[in-house]
Amino acid sequence: MKTLVIGDIHSGFLALKQLLLRIEPQEDDTIIFLGDYVDGWSDAVETVSFLIDLSKVYNCIFLRGNHDELVYNWLLKGEDKPMWLAHGGEASKSSYQGRNKELLEEHMNFYENLQNYYLDKKNRLFVHAGFTNLKGVHYEYFPKMFYWDRTLWELALALDSSIGPGHHSYPERLKNYSEIYIGHTPLTRINKIEPYCAANVWNLDTGAAFKGPLSAMDVETKETWQSDPVHLFYPAEKGRN
């Protein structure tokens with residue numbers, strides 16, 4: 001019984017299928033998806049439909065990403081902000097164009113039931129982006145931070161490696177959990193394309209929306225799997241800007 005965590009997909013349906021073939025998960029495994037299923041490549045609908053079907057076979061936990069919320073708001077209220085459209089939204093709009101009512105209702109239900117975070121029995125936190133309250137996620141005043149925050153990752157990166165959890169200067173935010181797993185901020189920004197740990201924060205966003213692969217990790221053993229670079233599956237497309 002493994003606990004697997006998978007980073008930001010950004011509509012890279014073909015890469016997701018390849019990744020799962022490489023992992024070969026078992027039916028009693030738990031698969032935690034860190035959010036941002038859509039916005040980027042052209043397979044937004046195919047990705048979400050695949051995830052819905054996957055949850056019928058495996059114990060899947062789906063977290064809410066900022067791009068999932070943006071697509072949901074567009075489907076629900078017609079919000080199509082220029083910034084969203086420029087950062088993958090246009091591809092998602094095209095993917096949903098002309099889809100039938102039953103599919104749209106199924107996908108709306110998927111988006112509505114995404115979790116803001118997941119905390120396991122070993123005090124490991126899984127969240128798309130982060131949180132801001134020093135006491136932890138249960139005290140967060142601003143729920144949108146769970147899928148928009150970047151300060152948690154910035155804090156972890158800035159932490160001097162010589163300062164451990166027992167040191168008085170170690171940040172209170174990070175002391176709340178044994179490990180924290182996030183996506184949201186592509187590791188390609190620091191020239192990395194494999195899951196990377198700073199302090200006790202693991203980042204699984206390996207740039208699938210750009211030139212990187214889609215990544216997964218066994219949270220117990222830290223074994224990792226990756227797809228081929230996602231852009232190779234979509235040679236005629238640009239992905240996110």
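On full extension, the segment bounded by residue 150 and residue 54 gains 31.6 nm, given 0.36 nm per residue less the C-alpha separation. When the Cα positions of 5, 177, 74 are compared along the charge dipole of the chain, 177 comes out farthest toward the positive end, with charges on each C-beta of Lys, Arg, Asp and Glu. Free of any GluC sites (Glu not before Pro) that DSSP assigns to a loop and that have at most 16 other C-beta atoms within 10 Å, the longest stretch within the chain is 80-219. Taking amide H as placed 1.01 Å from N in the peptide plane, residue 196 has its amide H under 5 Å from the amide H of 203, each at least 5 places away in sequence or on another chain. Could you work out what % of the accessible surface of the chain is carbon and sulfur, using a 1.4 angstrom probe and leaving DNA, RNA and ligands out of the count? Here carbon and sulfur together make up 52 percent of the probe-accessible area.
Among the trypsin sites (Lys or Arg not before Pro) within the range 139-178, those in coil by DSSP and having at most 15 neighbouring Cβ atoms inside 10 Å are 144, 150.
So what is the diffusion coefficient of the range 78-182 in µm² per second by Stokes-Einstein at 4 °C and 1.567 mPa s, using a Kirkwood Rh over Cα pairs? My calculation gives 79 µm²/s for D. In a DSSP loop and with at most 14 other Cβ atoms within 10 Å, the chymotrypsin sites (Phe, Trp or Tyr not before Pro) in the range 89-149 are 141.
If the chain linking residue 197 and residue 26 were pulled fully straight, counting 0.36 nm for each residue of separation and taking away their Cα-Cα distance, it would gain 59.0 nm. Summing Cβ point charges (Lys, Arg +1; Asp, Glu -1) relative to the Cα centre of the range 17-101 gives a dipole of roughly 320 debye. Determine the alpha carbon to alpha carbon distance for each of 2/222; 56/238; 121/192 and list only those over 22 Å. Table pairs above 22 Å Cα-Cα are 56/238; 121/192. Accessible area per residue for the range 156-232, computed on protein heavy atoms with a 1.4 Å probe, is 44 Å².
What trypsin sites (Lys or Arg not before Pro) in the range 1-75 are in a loop by DSSP, with at most 16 other Cβ atoms within 10 Å of the Cβ? Answer in residue order: 2, 56. Projecting the Cα atoms of 148, 117, 215 onto the charge dipole of the chain (Cβ charges, centred on the Cα centre) puts 148 farthest toward the positive pole. Considering only alpha-carbon pairs that sit under 8 angstrom and 6 or more positions apart, the relative contact order computed for the range 121-169 is 33 percent. The chain has equivalent-ellipsoid semi-axes of 28, 19, 18 Å, by the square roots of 5 times the alpha carbon gyration tensor eigenvalues, sorted largest first. Label separation (residue 77 vs residue 139): 3.0 nm, computed from points 7 Å beyond Cα along the C-beta direction.
Rounded to the nearest 20, the size of the Cβ-charge dipole of the chain about its Cα centre is 500 debye, with Lys and Arg at +1 and Asp and Glu at -1. Suppose R0 equals 45 Å. What FRET efficiency, 1/(1 + (r/R0)^6) with r the Cβ-Cβ distance, do residue 236 and residue 158 give to the nearest 0.05? That gives a FRET efficiency of 0.70. With a Förster radius of 30 Å, plug the Cβ-Cβ distance of residue 90 and residue 224 into 1/(1 + (r/R0)^6) and report the FRET value to the nearest 0.05. Efficiency at R0 = 30 Å is approximately 0.45.
The values are calculated or read from the model by the stated rules, or taken from the named source; none is laboratory data. All figures in this text were calculated on a predicted structure; none of them were measured in a lab. A quick note on method: Cβ atoms are made from the backbone with ideal geometry, for glycine too, and the neighbour counts reach across all protein chains shown. Note: areas computed on protein heavy atoms with side chains; ligands, DNA, RNA excluded. Shrake-Rupley method; radii C 1.70, N 1.55, O 1.52, S 1.80 Å.
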